[in-house]
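A.B. asks: Let me give you the structure first, and then I'll get to my questions.
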Amino acid sequence: MHPDERLSEQTIIEILRKKKIIGMGSSWNNKHGNPVDDPRHFKDSVAIGDIVMVRDGTNPVALVRVVGKSYIDNNINPKFDWFDLRREIEILGLFESEDKILLDNILNKYNSNHIQAPGTLTFCNNDNATNHFIVKWHRAIQYRNLMNNIKLSTTRKDQIKALWDNFKAGITPEQRTLYQDGINKTLGDWELYKQKVTNGTLSLDEYTNVLKNTSATLPGGYLCNFLERTTSSVLGSSKPGNAENFGVKLNADGTYYVKKQSANASKIDAEQFFNKNIKEILNKIVLEKDPIKKAELVDSSSYSAKQILMKMAVLDNLSDFLFIYSGDVIGKLYEDFIDGTTETTFSRSHELCKVLLSILDIDPTDTLELVLLSRFIWKYTKAQAIADSNSPNVILYGPPGTGKTYSVLNDIEFVCLGDTTRYELLQFHPSFTYEDFIEGVKPKGVTKDGTIRFELVNGIFKNFCIKAKLNPDKEYYFIVDEINRANLSAVFGETLSLMEKGYRHETGSNKNLIRTQYSSLVDSLIAEDINNFGHLAYEIDNGISKFGIPSNLYFIGMMNDVDKSIDTFDLALRRRFKWLRKDCDYDVLDEETLFNGKDNFENIADYILSCRNLNNYISSDLGLGRSFEFGHAFFMKIGDIAKKKNITPGNKDVLFNLYLRPTLREYLRSVYPENEIDEKLQYALNLFRA
C-alpha cells in the first residue's frame, strides 16, 4: 500500500477505520517501464458490492465491501493515505485468531505455506488456497457478525430455550418415528426429481399434471404437487396462493394455463413456455451449492411461486433454511431476533436458521431436530402474535368454528410451558358483574340466627392481577370467551382506564394505581384485621388500598361476532384493544383434514373449493357478510363422515344436513321470509356438493 516504504499492519487498519477507503496510485510502471493495468481494473472492473481482501504481503488484514465508485483524491498524506485512486468501503471484519486456524487448515489442504500474492489486484476466479480462504473467511465473518447482531437478551434466549425443550418433550416416540420416516422418504423421493432437474430431462407432465392421469407417476404425481402438498407434512406448507403462479398449469379439460398468454393453451405452447421460462430457474437453484447464493437466486427470481423455489432449496439444504415460506412470518421473526439489514425473505430465513441453531444448540446433521425446529418456531410465532408488550389487550373475533378458543389455549399453554397457574379462562354471560370481576359484597352463608351473611370478596380478575403482580418476571394471561355477552362497561367499571399500555402498574412503583368504589371498605377491614383481610388489597400505598393492572398481564378476549356485533363495544373499550379477525382457514382445512385421522384425502383440493363456494354464497350472494360464514372446524368434520379417501357428494350431503343446514337456517330467518328459506338452503347444498 505504499510505493517507497512498507506501512505497518496497524497503519493499514487505521486507514481502513478512519478513512473507510481502499485504493492505489492512479498510475505506475512495471519493471519494463510500461503502465500497469491495476488502476484501470480498479476503476472499471471492481463493482460496488464486491468483497475485497486487504493484505500486508502474505498476511491477511481485513475483508471489506466496496460501497462507492472510484474517484481521485489529491488531498493525500504521503506518509499515511498516500494513494490518490480510491473507493469507499465498509469493513466486514479484521483477521482474528480463529481466522488463523481457518487459514492454516486451508493452506494444509492445498499443501501451501502462505497465501499467494501475485499482484496488487487479483480476482478470485481460480481454485487455489487464497481464493478458497477468502470465500471461507467471508462466510466466517458473516456468521460472526450475525451472532453479534442477535437482539435477544440472555434471559430471553433462556426463555426460548426452555420453550424449545418443553416443546420437544411433548413430541411422542410415535410422532418422532413418523417425522423421521417422513423426512427420509421425502429426501429419497426428491432425488428422483432432482436428477431430472439437474440433467434437464424434467418434462412438462412431470412438472404439472392431474393426479388421475396415467402419466402422473412420480412421487406426489408431479413436481408442483410434490413440493406444495406431498412434502408439507415434514417440510411445512409452501402454497403459492393460486396454482396459476406455477406459470404453467394443466387444466381439467386437458388444456393449459400459460402465464400472460392463455388460459386454455395447447400442450405445444405450454411446453415452449415451460422450456424457455421455468426449467432454467429450477436448474440454477438445484445446481447452486452455496446456500447464500441459492437464497439470492430465489429472492431475485421473477418466478411467481417463490414458496415452491424455497421448498426446493430447503430440500437440498435442510440445515441452512427454516421450513417456513411466509414472508410475513419470516419478517416478524427477523425483526424480533436480529438487528440486521437483510431485506429479502429467503436470505432472512437463512440467517434466522443459523441464529436458531446456535441459540438452541441444535446439531445441523440431525434431520429430525431440523423438522421439529421449524414446527416449534412456527408455533412460537403464532403464540407471540396474539399479545405482546406493545399490544397487551387483544380481541379475537370472527365466525363460529374458526378455532379462536382452541388456538388461544394451545398457544398460551405453549408460552406458559404448561404452567396452568399463569393463565385463567373465563366465559362471560349477561349476568356477569363488576362484583364477579373486580370486587364486591356477596352472600357468604347464613349466620346462627338464620340471617344471610355478606362479605367483601375479590373478583376473579382482581385476584389474578394480584397473582401476576407478585411474579413480575413471568407473563400472565387472562382469557375471556364470549366477551361480548356481558355489559363490559359495567363489568370493568373505573378500572377500564388501567387496561391501556401506558397505565399499567409496574411492581415496586406507586404510579398507575387507583381507588375503586370498594376501596374505603377494604381500608376499614384491613385496619380491623390485616391478617384476615390483607388479601383484599392489590396494593397498599401510604396506608390506603389501591388497585392496578400489572404490566406483565395480557388480556385476551374472544367473540363470535355473529352472536352480537362488535358495535356493542363502546369506543372507550374498543380503542384499548387490538382486534384480530379469525376467518375460515382453508390451509388448516387442507393440512389437518385427514382420512381416518392419518392420511390425506385424494380430492381435498376440490373439497376446499366446495367450502369456499359455500362461504362465498353465504357472505356475498345471500348478503349475510363474512361473520356468517362457516369456520374450518365445521368442514373438518368430513373426516369423520367419509369412508373412502375420495370425498363424495353424498359425504357432503351428510355434513351439510347434520351440521350446516340447522345453523344456516337460523341465519336466514333474520333476513328472508320463511317461504324463501328452503329454496336458498337447497341452492346452498347444490353449490356445496358440486
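The values are calculated or read from the model by the stated rules, or taken from the named source; none is laboratory data. It should be emphasised that the depicted structure is a prediction, and the values quoted were computed from it without experimental measurement. Here the Cβ is made from the backbone with ideal geometry for all residues, glycine too, and neighbour counts use every protein chain on show.
A.B. asks: Name the residues in region 510-542 that are within 28 Å of residue 574 (Cα to Cα) and in contact with a Gly (Cβ under 9 Å, 6 or more places away or on another chain), would you?
C.D. replies: 511, 512, 513, 514, 516, 517, 518, 538, 539
A.B. asks: So, one more: Taking the conditions exactly as written (outside any helix (DSSP H, G or I) and within 30 Å of residue 385 (Cβ to Cβ)), does residue 611 satisfy them or not?
C.D. replies: Taking the combined requirement at face value, the residue does not satisfy it.
A.B. asks: Another question, then. Give the residues of region 300-338 that are touching a helix residue (DSSP H, G or I) at 6+ places or on another chain (Cβ under 7 Å) and of a type in the set (S, T, N, Q), sorted by residue number.
C.D. replies: Within region 300-338, 301, 304, 317, 319 meet the criteria.
A.B. asks: Kindly indicate the residue of region 101-132 that is free of Cβ contacts under 8 Å to residues at least 40 places away in the same chain and of a type in the set (Gly, Ala, Ser) and also nearest to residue 23 (Cα to Cα) among those meeting that condition.
C.D. replies: It comes out as 129.
A.B. asks: How many residues, within region 481-512, are free of Cβ contacts under 8 Å to residues at least 60 places away in the same chain, assigned to a loop (DSSP other than H, G, I, E, B), of a type outside the set (Lys, Arg) and out of contact with any His (no Cβ under 6 Å at 6 or more places or on another chain)?
C.D. replies: Result for region 481-512: 7.
A.B. asks: Mind listing just one residue for me: the one in region 239-258 that is modelled with pLDDT of 90 or more and in contact with a helix residue (DSSP H, G or I) (Cβ under 7 Å, 6 or more places away or on another chain) and, of those, nearest to residue 177 (Cα to Cα)?
C.D. replies: The qualifying residue nearest to residue 177 (Cα to Cα) is 246.
A.B. asks: Right, something else. Which strands (runs of 3 or more DSSP E) sit wholly inside region 44-96 and have at least 1 residues that are among the polar types (S, T, N, Q)?
C.D. replies: Here the list reads 59-66.
A.B. asks: Only one of (1) surrounded by 15 or more Cβ atoms within 10 Å (Cβ to Cβ); (2) under 24 Å from residue 577 (Cβ atoms) fails for residue 515. Which number is that?
C.D. replies: (2)
A.B. asks: Out of (1) loosely packed, with under 15 Cβ neighbours inside 10 Å; (2) assigned to a strand (DSSP E or B); (3) among the aliphatic types (A, V, I, L, M), what's the single condition that is false for residue 527?
C.D. replies: Here residue 527 meets the rest and fails (2).
A.B. asks: Kindly indicate whether residue 462 is of a type in the set (Lys, Arg), outside any loop (DSSP other than H, G, I, E, B), closer than 14 Å to residue 549 by Cα and assigned by TED's automatic domain parsing to the domain that holds residue 507.
C.D. replies: Judged against the criteria, residue 462 is a match.
A.B. asks: Here's something else I'd like to know. Tell me whether region 165-181 contains one or more residues that are touching an Asp or Glu at 6+ places or on another chain (Cβ under 9 Å), farther than 30 Å from residue 281 by Cβ and touching a residue at least 24 places away in the same chain (Cβ under 8 Å).
C.D. replies: Yes: one or more hits.
A.B. asks: Return the residues of region 365-381 that are over 26 Å from residue 408 (Cα atoms) and touching a helix residue (DSSP H, G or I) at 6+ places or on another chain (Cβ under 6 Å); say none if nothing qualifies.
C.D. replies: 367, 368
A.B. asks: Within region 536-558, is even one residue part of a helix (DSSP H, G or I), of a type in the set (D, E, K, R) and without any contact (Cβ under 8 Å) to a residue 60 or more places away in the chain?
C.D. replies: No, every residue in region 536-558 fails to be part of a helix (DSSP H, G or I), of a type in the set (D, E, K, R) and without any contact (Cβ under 8 Å) to a residue 60 or more places away in the chain.
A.B. asks: Still on this structure: Could you check, for region 210-220, whether at least one of its residues is farther than 22 Å from residue 323 by Cα, assigned by TED's automatic domain parsing to the domain that holds residue 341 and in contact (Cβ under 8 Å) with a residue 60 or more places away in the chain?
C.D. replies: Yes, region 210-220 contains at least one residue that is farther than 22 Å from residue 323 by Cα, assigned by TED's automatic domain parsing to the domain that holds residue 341 and in contact (Cβ under 8 Å) with a residue 60 or more places away in the chain.
A.B. asks: How many residues are under 19 Å from residue 552 (Cα atoms) and touching a residue at least 24 places away in the same chain (Cβ under 8 Å) if we restrict to region 389-418?
C.D. replies: 16
A.B. asks: Here are some residues: 199, 225. Which one is out of contact with any helix residue (DSSP H, G or I) (no Cβ under 6 Å at 6 or more places or on another chain), closer than 22 Å to residue 602 by Cβ, without any contact (Cβ under 8 Å) to a residue 60 or more places away in the chain and in the same structural domain as residue 320 (by TED's automatic domain parsing)? Full working, then the answer.
C.D. replies: On the way: 199 fails: closer than 22 Å to residue 602 by Cβ.
Step by step, each of 199, 225 is checked, and only 225 is out of contact with any helix residue (DSSP H, G or I) (no Cβ under 6 Å at 6 or more places or on another chain), closer than 22 Å to residue 602 by Cβ, without any contact (Cβ under 8 Å) to a residue 60 or more places away in the chain and in the same structural domain as residue 320 (by TED's automatic domain parsing).
A.B. asks: With touching a residue at least 40 places away in the same chain (Cβ under 8 Å), assigned by TED's automatic domain parsing to the domain that holds residue 306 and under 21 Å from residue 326 (Cβ atoms) as the only criterion, which of 368, 373, 357, 352 stands out?
C.D. replies: Exactly one of 368, 373, 357, 352 is touching a residue at least 40 places away in the same chain (Cβ under 8 Å), assigned by TED's automatic domain parsing to the domain that holds residue 306 and under 21 Å from residue 326 (Cβ atoms), namely 373.
A.B. asks: Let me ask something else. Can you tell me which residue is modelled with the highest pLDDT among those in region 576-596 that are more than 14 Å from residue 398 (Cβ to Cβ) and in contact with an Asp or Glu (Cβ under 9 Å, 6 or more places away or on another chain)?
C.D. replies: Per the stated criteria, the residue is 576.
A.B. asks: Can you name the residue in region 219-246 that is surrounded by 21 or more Cβ atoms within 10 Å (Cβ to Cβ) and aliphatic (A, V, I, L, M) and is also farthest from residue 586 (Cα to Cα) among such residues?
C.D. replies: Checking each candidate, the answer is 223.
A.B. asks: Which of the following residues is of a type outside the set (D, E, K, R) and surrounded by 23 or more Cβ atoms within 10 Å (Cβ to Cβ): 324, 338, 359?
C.D. replies: Of 324, 338, 359, the one residue that is of a type outside the set (D, E, K, R) and surrounded by 23 or more Cβ atoms within 10 Å (Cβ to Cβ) is 324.
A.B. asks: Just one of the numbered conditions (1) surrounded by fewer than 17 Cβ atoms within 10 Å (Cβ to Cβ); (2) in contact with a Phe, Trp or Tyr (Cβ under 6 Å, 6 or more places away or on another chain) is not true of residue 542; which one?
C.D. replies: All conditions are met except number (2).
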